[in-house]
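What follows is calculated from the coordinates using simple rules that are stated; it is not laboratory data. All values derive from a computational prediction rather than experimental measurement. Here the Cβ positions follow ideal geometry from the backbone for every residue, glycine too, while neighbour counts run over all protein chains shown.
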Amino acid sequence: MKISIVPMIRISAREPKIISNAIILDDLSQRELKKRFPGKHPKYSGHHITISYGKNEQPEKFGEKVQITAEGYANDDKAEALLVSCGEIHCDNTHPHITLSTEPSVKPVYSNELLSSGYNKIEPFVLYGTVGSYISGKYVTEKFDKDR
């Protein structure tokens with residue numbers, strides 16, 4: 001009887017699951033944002049714009065560098081958010097935004113509700129980021145093979 005030896009390949013039972021897709025702001029834009037809006041609430045975010053949630057697929061312009069324009073601002077006793085325009089990037093949110101800060105018990109998704117109840121127009125300014133995905137607890141902007 002002949003025995004074949006096959007190299008062992010580790011196959012994960014779980015493929016990477018894309019939780020959400022986002023535009024992740026570059027470091028310079030994050031610093032600029034923090035300078036302009038230092039945070040009214042204890043939990044500061046200010047690093048991304050969620051463009052889709054729960055679809056488990058990479059966005060069309062994944063990995064591309066893009067320009068975002070800040071256009072409005074809203075805050076209340078729970079959170080503060082910046083209304084943005086994402087140019088050619090499709091965003092599932094009615095009000096594309098950057099959650100700036102929240103109270104500890106408030107989830108960033110609350111920014112949708114906050115902006116729906118109104119916002120103040122601001123002098124527009126430009127920020128830059130890269131289209132990416134949130135996978136396994138971190139944002140990635142480089143292609144990966146979901147089937148690996």
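Exposure proxy ranking for V126, V106, based on other Cβ atoms within 10 angstrom of each Cβ and starting from the fewest, stands as V126, V106.
Here is how the number arises for the chain: DSSP H runs of 4 or more residues each give -39500 (n - 2.57), the sum is divided by the residue count, and the result at 222 nm is -3000 deg cm²/dmol. With a cut-off of 12 Å between beta carbons, the residues surrounding D76 carry a summed charge of -2, where Lys and Arg count +1 and Asp and Glu -1.
For the chain, a simple Cβ point-charge model (Lys and Arg +1, Asp and Glu -1, everything else neutral) yields a dipole of about 680 debye relative to the Cα centre. Checked against a 27 Å cut-off, the cross-linked pairs K55/K121; K35/K143; K34/K78; K35/K138; K35/K61; K43/K138 give Cα-Cα distances beyond that limit for K55/K121; K35/K143; K35/K61.
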